[in-house]
Amino acid sequence: MKIDLSALVTEGRNAHSENIDMLSTEVMLNVINQEDKKVAQAVEKVIPAITQAVDAIVAAFQQGGRLIYCGAGTSGRLGILDASECPPTFGTPREQVVALIAGGHQAILQAVENAEDSLTMGVEDLKNLHFSQKDILVGIAASGRTPYVIAALNYANSLGATTVALACNAGSEITQIANIAIVPIVGAEVVTGSSRMKAGTAQKLVLNMLTTGAMIRSGKVYGNLMVDVEATNKKLVQRQVNIVMQATECDHATATQALSACEGHCKTAIVMVLGKLTAPQAKQLLNDNRGFIRQALAKTEHP
């Protein structure tokens, strides 16, 4: 079956790079860099749609729902990258942000033939996760026409779940299916059709915003400090100490002692130091205020 790609911006030929194979290495790289500069501007234009999506993700989290990404190829791998960073960065349960890729784990490292063209695999993958109305699905496809993603979005819609489409072509099929459409138009790629480049960069920027924005709105950040970071290696143990010191302006010894008393939980240590509380008192105060440090401190004499 012939697929018409002529209408897709991401499949167009870029006039600025038509002779890129004849350029010196430095000039070639400058062409790539100039095109990459356009990506952030394209994302800026769709911040209102990203805002809708972040607020919807927060609402899903508040009712015990999950954020599920689905995509194929580069799009699927970008979802996996973003989801995998949430537990260590924000201390989230591993099941709260989950990424699906057409073809499963094998497709993370190499292409799985015809996986993205399956109209059943996306549905099966969601069913295997026990996807429900409480969850939110973000379908990622630079072209906006990937069958795996289309099927998953249709299934999520049938359950009454909130759906989001992230594509780089206006008016694409997934943007018409989803409740919220995020469409940064980055233009033709430097290498024609290589959507891992500008389109992939745009998708990465948007996914960063979705999870970071949702985590900030969920109390996972205090100031600009990742106060729910998990200390899974020596660097992160030191980062926890630094975070407590920065948040409370205490010395190293005080931060270390507080973290020890709070079993390595940054948030509790911060509330303990700033509120002049015991570890159990700080923990209870945080629990009473849904993990929001500022709200917890407002209930003490030392906000």
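Here the average projected area of the convex hull drawn through the C-alpha atoms of the stretch 13-122 stands at 10.3 nm². What the Cα convex hull of the stretch 45-176 gives, in volume per residue, is 105 Å³. Ignoring any ligand, DNA or RNA, what whole percent of the accessible area of the stretch 1-157 comes from carbon and sulfur when the probe is 1.4 angstrom? Carbon-and-sulfur percentage of accessible area, whole number: 53. Normalised per residue, the accessible area of the stretch 1-93 is 56 Å², obtained with a 1.4 Å probe and no contribution from ligands, DNA or RNA.
In the context of the full protein assembly, I216 retains an accessible surface of approximately 70 Å², using a probe radius of 1.4 Å and ignoring ligands and nucleic acids.
Of the solvent-accessible surface of the stretch 239-303, computed with a 1.4 Å probe and all protein chains present, 50% belongs to carbon and sulfur. Under the criterion of Cα pairs below 8 Å and six or more residues apart, the relative contact order for the stretch 123-210 equals 24 percent. The Rg/Rh ratio of the stretch 186-303, with Rg taken over Cα atoms and Rh as the Kirkwood radius over Cα pairs, comes to 1.18.
Measuring with a 1.4 angstrom probe and ignoring ligands and nucleic acids, V164 comes out at about 0 Å² accessible.
Structure remark: mean-square fluctuation, Gaussian network model of the chain, C-alpha springs under 10 Å; the largest value among R290, R196, R13 belongs to R290. Take every DSSP beta bridge with both residues inside the chain and express the antiparallel ones as a percent of the total, to the nearest 5. Roughly 5 percent of the beta bridges in the chain run antiparallel, per DSSP. Only Cα pairs under 8 Å and 6+ residues apart enter the sum, and on that basis the relative contact order of the stretch 23-164 stands at 25 percent.
Largest GNM mean-square fluctuation across L205, L29, L236, computed for the chain with C-alpha springs under 10 Å, falls on L29. Residue order by solvent-accessible surface for L81, L119, L210 is L119, L81, L210, largest first, with ligands and nucleic acids left out and a 1.4 Å probe.
Build a GNM of the chain with springs between Cα atoms under 10 Å apart, and of C250, C266, C70 the one that fluctuates most is C250. Of T232, T211, the residue with the largest accessible area leads and the full order is T232, T211 (1.4 Å probe). What the Cα convex hull of the stretch 114-213 gives, in volume per residue, is 97 Å³. Counting only protein chain heavy atoms and rolling a 1.4 Å probe, the accessible areas of E124, E44, E116 rank, largest first, as E44, E124, E116. Note on K235 and D21: their simple-model spin labels are 3.9 nm apart, each label 7 Å out from Cα toward Cβ. Among the GluC sites (Glu not before Pro) in the stretch 229-302, those located in a DSSP loop and surrounded by at most 15 other Cβ atoms within 10 Å of their own Cβ are E249, E263, E301.
Across the chain, the relative contact order, built from alpha-carbon pairs under 8 Å that are at least six residues apart, equals 19 percent. Scaled against the 2.2 N^0.38 Å expected of a compact globular protein of N residues, the Cα radius of gyration of the stretch 21-65 reads 1.99. Modelled label positions at Q133 and R294, each set 7 Å beyond Cα in the direction of Cβ, lie 3.4 nm from each other. Can you list which of the trypsin sites (Lys or Arg not before Pro) found in the stretch 104-190 are DSSP loop residues with at most 13 other C-beta atoms within 10 Å? Those that pass, being in a loop and sparsely packed, number zero. Per residue, the stretch 116-210 exposes 36 Å² of solvent-accessible protein surface, assessed with a 1.4 angstrom probe and all protein chains in place. By the equivalent-ellipsoid construction on the alpha carbon gyration tensor, the chain comes out with semi-axes of 40, 24, 16 Å, ordered largest to smallest.
The values are calculated or read from the model by the stated rules, or taken from the named source; none is laboratory data. Remember, it's a predicted structure, so these values are computed and weren't measured experimentally. A quick note on method: Cβ atoms are made from the backbone with ideal geometry, for glycine too, and the neighbour counts reach across all protein chains shown. Protein only, heavy atoms only, side chains kept; ligands, DNA and RNA dropped before computing areas. Shrake-Rupley method; radii C 1.70, N 1.55, O 1.52, S 1.80 Å.
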